[in-house]
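Below is one structure; the comments refer to it alone.
The values are calculated or read from the model by the stated rules, or taken from the named source; none is laboratory data. These numbers come from a predicted model, not from an experiment. FYI the Cβ positions are ideal-geometry reconstructions off the backbone, even for glycines, and counts take in every protein chain you see. In case anyone asks, the SASA skips ligands and DNA or RNA and just uses the protein heavy atoms, side chains included. Shrake-Rupley method; radii C 1.70, N 1.55, O 1.52, S 1.80 Å.
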Amino acid sequence: MLLLQFTSLAVLLPGGYNEEDTQDPIFFRLIQISSFANQTWAQNQGSAWLDELQTHSWDSESGTILFLRPWSKSNFSEEELRELQVLFQVYFTGFTREIQDHARALQFEYPLEIQVSAGCKVHSNEIPQSFLHVAYEGTNFLSFQNSSWVPSPEGGNMAQNVCNLINQYRGIQDTVEWLIRHTCPRFLLGLLAAGQMDLQRQVKPQAWISSSPTVSLDRLLLICHVNGFHPKPVWVMWMQGEQEPPGTKQGDLLPNADGTWYLWVSLDVAREDAVGLSCQVRHSSLGGQHIVIYWGHHVSMNLIPLAVIVPLILLMGLALWFKKRCSYQDIS
């Protein structure tokens, strides 16, 4: 049944601009950050993400799953969600106890932090892929592969000792495998279906250019800003005619509070070479059209109302003055 669902996955995947007109894989991942100050104090933080969109968080005080979107429950029943919640309660309790009980034997040193990333990804109608990676103090430590725990090269003997210990618990391995290879893909598909309207919404970008002098007076730093677009995939490039000039730099894609995105692309260029430069933006919301802004020939949208209103006021004032002057002459 799950394989049949993946044949129609392309309909559910959020759209975006892609030069080859292909969809990027969609990730659903659970993030765990566990901090241990000493043998008696520990804190577990948990969250779930659909790509860069957070869909769930874990309330460690009450031991409950918090659903952050109207569609975060996917298509799971209330009974299935309760079973998952109980499973996570047992997991966090057992995980904390095992670390505290075996910290000395496993050569863990307090304070310590452990990060876990687990989940699955889907791509068009391909078979889903699952993953589970564990980091210790920010360094790759071990992973779950082929139904067993495998140490990472960076983990050394310490990671090997941990794998030797937890590979003894066959029940844990079976549970992990079922969760990431069966439950996760089904939950991910349900999220994509339930949140389809929200995930596939199209918001057109706004673009503008700013500039600032560089250390050298004969050069300019041009920055093309693109803001407020959704979905995330976007193509932004400085162009000189049909050619891409060297020296462009792109910032990180940053999220806005409303779920849209912001991106900047800069170009360090000689002043005489700035003539004819344009910033071009392509995005799925533009319906195949492009935004093209030429350096030195664009007008800020904020200035357009003033450019219209000020002459109107002057004309109205001139007309009133002329009318009053004519009236005065008639009276005379």
Among (1) in contact with a helix residue (DSSP H, G or I) (Cβ under 8 Å, 6 or more places away or on another chain); (2) open to solvent by 50 Å² or more (accessible area, probe 1.4 Å), Leu253 falls short only on (1)
For the stretch 253-282 the number of residues that are of a type outside the set (A, V, I, L, M) and more than 30 Å from Arg219 (Cα to Cα) is 5
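Here's the yes/no breakdown for (1) in contact with a Gly (Cβ under 6 Å, 6 or more places away or on another chain); (2) part of a strand (DSSP E or B); (3) not acidic (Asp, Glu):
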site	(1), (2), (3)
Ile180	no, no, yes
Cys184	yes, no, yes
Ile209	no, yes, yes
Ser216	no, no, yes
His225	no, yes, yes
Phe229	no, yes, yes
Trp238	no, yes, yes
Residue set Ile127, Ile172, Ile114; condition β-branched (Val, Ile, Thr), open to solvent by 60 Å² or more (accessible area, probe 1.4 Å) and over 30 Å from Pro231 (Cα atoms); output residue Ile172
Taking first residues from the stretch 146-162 that are loosely packed, with under 15 Cβ neighbours inside 10 Å and second residues anywhere that are among the charged types (D, E, K, R), the pairs with Cβ under 6 Å that are 6 or more apart or on different chains are Ser147/Glu177
Residues in the stretch 182-209 that are modelled with pLDDT under 95 and among the charged types (D, E, K, R) total 2
Within the stretch 200-211, of all residues that are within 18 Å of Val269 (Cα to Cα) and surrounded by fewer than 18 Cβ atoms within 10 Å (Cβ to Cβ), the one nearest to the chain's Cα centre (by Cα) is Trp208
Check on Thr96, among the β-branched types (Val, Ile, Thr) and in contact (Cβ under 8 Å) with a residue 60 or more places away in the chain:
yes
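Matching residues to (1) at pLDDT 95 or above; (2) crowded, with 16+ Cβ neighbours inside 10 Å:
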| residue | (1), (2) |
| --- | --- |
| Ser34 | yes, yes |
| Asn38 | no, no |
| Asn44 | yes, yes |
| Ser47 | yes, yes |
| Leu53 | no, yes |
| Phe67 | yes, no |
| Ser72 | yes, yes |
| Glu78 | yes, no |
| Leu84 | yes, no |
Flagged in the stretch 264-290 as buried (at least 19 other Cβ atoms within 10 Å of the Cβ) and part of a loop (DSSP other than H, G, I, E, B), in numbering order, are His283
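So, in the stretch 130-145, of the ones that are assigned to a strand (DSSP E or B) and open to solvent by 70 Å² or more (accessible area, probe 1.4 Å), which residue ends up farthest from Ser57 (Cα to Cα)?
Among those that are assigned to a strand (DSSP E or B) and open to solvent by 70 Å² or more (accessible area, probe 1.4 Å), it is Gln145.
So that you can scan it fast, the table gives a plain yes or no per residue for (1) surrounded by 14 or more Cβ atoms within 10 Å (Cβ to Cβ); (2) touching a residue at least 60 places away in the same chain (Cβ under 8 Å); (3) under 26 Å from the mean Cα position of the chain (by Cα):
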{"site": "Phe187", "(1), (2), (3)": "yes, yes, yes"}
{"site": "Leu191", "(1), (2), (3)": "yes, yes, yes"}
{"site": "Met197", "(1), (2), (3)": "no, no, yes"}
{"site": "Pro213", "(1), (2), (3)": "no, no, no"}
{"site": "Leu220", "(1), (2), (3)": "yes, no, no"}
{"site": "Asn227", "(1), (2), (3)": "yes, no, yes"}
{"site": "Trp235", "(1), (2), (3)": "yes, yes, yes"}
{"site": "Glu242", "(1), (2), (3)": "no, no, no"}
